[in-house]
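The values are calculated or read from the model by the stated rules, or taken from the named source; none is laboratory data. This structure is a prediction, so every number in the text was calculated from the model and none was measured. With ideal geometry, Cβ positions are generated from the backbone for all residues, glycine too; neighbour counts draw on all protein chains shown.
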Amino acid sequence: MRRFTEEEKRTAVNLYFEENLTSQQVVDRLGYPTRQCLEGWLRKDNRYNEGSFRHGFYPVSLKREAIRLRHEGGLAIKEIAERLGVKIKARFATGLKNSRKKEIWV
């Protein structure tokens, strides 16, 4: 199993927070680590707990925009996913369906 330097970890974690990417998008862009490994690093970062980043699949900013589009724009989930560049996944669709205005699913 490959060990990553602190610089590599910091680069991946900062990319997640600063560019509002999903954990999978960070992995795809950098070519490392696995999504699960990155999510472990994210949970250790103080910024992770500041914004209800419970699982790290989608950044809070993306969730907020999805909820805004759903409740204020009345858009369908498929259209929201397309606009935000998210593949429709069960967690995204379920979270959005169950959300109330300005609430973030985790």
### Query
Can you pull out the helices (runs of 4 or more DSSP H) entirely within the chain that have at least 2 residues that are of a type in the set (A, V, I, L, M, F, W, C), at pLDDT 80 or above and at negative phi?
6-18, 23-30, 35-43, 60-71, 77-84
#### Entry: Candidate set: region 1-39, residues that are surrounded by 15 or more Cβ atoms within 10 Å (Cβ to Cβ) and of a type in the set (Lys, Arg); chosen: the one nearest to residue 86 (Cα to Cα)
35
